[in-house]
Amino acid sequence: MTARIIDGKEVARSIRKKLKGRIADLADRGVTPGLAAVLVGDDPASETYVTSKAKACRKLGLYSEVIRKPATISQEQLTEIVAGLNRNPQIHGILVQSPLPGHIDELSVTLTISPSKDVDGFHPHSVGLLLLGRPKLRPCTPAGIMELLAYYEVDTAGKEVVVVGRSNIVGKPVAAMLQQKGSAADATVTVAHSRTRNLAEVTRRADILIAAIGRPGTITADMIKDQAVVIDVGVNRVDDPSTEKGYRLVGDVDFEACAEKASLITPVPGGVGPMTIAMLMYNTVTAAENIMAADQDALP
Ligand code: NDP
């Protein structure tokens with residue numbers, strides 16, 4: 001194996017460590033950052049995500065609330081819950097866990113979240129600021145990828161970056177971040193997707209390859225350049241009767257083979273995953289600071 005393995009847990013730890021000072025400063029001023037997660041229905045994966053987000057809050061000394069509602073909830077009821085959280089001074093970050101049931105219009109729900117509490121960074125206000133290069137709350141997974149690259153001192157300026165996947169939560173925002181002007185960006189970015197012709201030809205150009213596809217083993221060793229940096233966002237369950245749960249988690253990249261060729265590579269699990277939660281904590285603390293500053297500015 002030639003590649004250095006990126007340790008997402010270590011980078012996430014360093015983010016949390018830096019947050020502790022900011023949380024203590026907020027505490028001195030009587031503020032405990034608070035995160036509310038709204039969980040609709042009984043999807044087991046969503047339950048796991050929300051539980052681990054709440055646990056991460058508690059470990060850092062943040063306030064956390066999980067609001068569980070049945071899948072039969074109406075659009076109006078869900079909107080009212082979010083509106084209540086917008087008004088709640090204990091809450092600085094709101095996330096509505098997806099997927100939502102089919103009868104709920106997800107974008108309408110996102111639009112209801114106050115942009116100042118949009119810790120997922122999915123509100124069009126946050127997306128617009130990101131595209132303008134003036135982000136306030138950045139979507140967590142792409143922001144986590146940027147932190148990984150910075151921690152491992154990956155120079156992105158002038159580099160060819162290929163992002164495979166164009167979702168609103170990973171592919172598009174990470175591409176937007178990397179193409180901004182600035183020292184931690186300045187990359188030449190290509191976004192590929194399921195309609196891309198000759199995907200391997202495109203990915204082989206990448207100095208930095210980011211796979212956010214959701215299909216195990218899509219990126220094989222012949223699709224990457226020698227010494228490429230490979231970031232695997234994918235989280236896929238594959239059957240494995242030898243494990244207690246009967247499955248294991250793998251990424252979108254053929255890790256073993258690509259690790260022979262890459263210079264740096266993220267494992268799954270333990271790469272991008274821990275960063276997503278760390279950046280959610282980061283956004284919640286940032287939102288609390290911003291809200292406190294805005295409240296002070298509003299004082300007569
Ligand atoms: P989406 O399903 O929303 O998007 C997948 C993208 O991959 C689409 O743009 C799709 O193209 C593209 N795609 C699908 N098949 C191919 C293919 N064969 N070749 C090229 N492109 C293809 O997924 P997400 O962005 O939400 O998530 C991607 C993966 O990342 C998932 O495994 C998810 O679980 C994981 N994830 C992990 C996180 C973490 O914290 N580690 C956080 C968020 C997601 P098209 O647009 O044409 O359909």
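The values are calculated or read from the model by the stated rules, or taken from the named source; none is laboratory data. In this text, all values refer to a predicted model and were calculated from it rather than measured experimentally. Virtual Cβ from ideal backbone geometry, glycine too; neighbours counted across all protein chains shown. Side chains included, ligands, DNA and RNA excluded: accessible areas come from the protein's heavy atoms. Shrake-Rupley method; radii C 1.70, N 1.55, O 1.52, S 1.80 Å.
Some notes on this structure:
- Largest to smallest accessible area among K172, K225, K53, K18 [probe 1.4 Å]: K18, K172, K225, K53
- Close amide H partners of G234, meaning residues 5 or more places away or on another chain with modelled amide H under 5 Å apart, are I213, G214, D252.
- Rounded to the nearest 10 Å², the accessible area of K245 at probe 1.4 Å: 150 Å²
- Cross-link partners of K59 among lysines (Cα-Cα below 28 Å; sequence separation of 8 or more within a chain): K9, K17, K18, K20, K69, K117, K136, K245
- Distance from segment 1-71 to segment 171-195 (C-alpha centre basis), Å: 26 Å
- Packing rank of 194-207, 176-189, where each peptide gets the mean count of other beta carbons within 10 Å, highest leading: 176-189, 194-207
- Here the chain exposes an accessible surface that is 52 percent carbon and sulfur, computed with a 1.4 Å probe and the other protein chains kept in place.
- Rounded, prolate or oblate (a/c below 1.5 giving rounded, otherwise prolate when a/b exceeds b/c) for segment 31-115 by Cα gyration tensor: oblate
- Whole-Hz ³J(HN,Hα) from phi, Karplus 6.51 cos²θ - 1.76 cosθ + 1.60, for segment 226-241, glycine and proline x: 4, 6, 5, 9, 10, 10, 9, 8, x, 10, 10, 8, 10, 4, 8, x
- The phi-based Karplus calculation (6.51 cos²θ - 1.76 cosθ + 1.60; θ = phi - 60°) puts the 3J(HN,Hα) values of segment 198-205 at 6, 3, 4, 5, 6, 5, 5, 7 Hz, whole numbers, x for Gly and Pro.
- The heavy atoms of D28 present about 130 square angstrom of accessible area, all protein chains included, probe 1.4 Å.
- 35 Å tail of the calculated P(r), the chain, as % of Cα pairs: 20 percent
- For the chain, accessible area per residue (1.4 Å probe, heavy atoms of protein chains only), Å²: 50 Å²
- Take the Cβ atoms of R58 and R197, set R0 to 45 Å, and the FRET efficiency comes out at 0.40.
- For segment 30-38, backbone phi angles converted through the Karplus equation (6.51, -1.76, 1.60; θ = phi - 60°) give residue-by-residue couplings of x, 10, 10, x, x, 10, 10, 10, 9 Hz, Gly and Pro being listed as x.
- Residues whose amide H comes within less than 5 Å of that of A192, counting only those at least five positions distant or on another chain, are V163, V164, G165 (H built at 1.01 Å from N in the peptide plane).
- Spatial offset of segment 95-147 relative to segment 199-247 amounts to 25 Å, using the alpha carbon center of each.
- The C-alpha atoms of segment 149-300 occupy a region whose extents along the principal axes are 63, 44, 30 Å, arranged from largest to smallest.
- Rounded to the nearest 20 debye, dipole of segment 17-157 from Cβ charges on Lys, Arg, Asp, Glu: 640 debye
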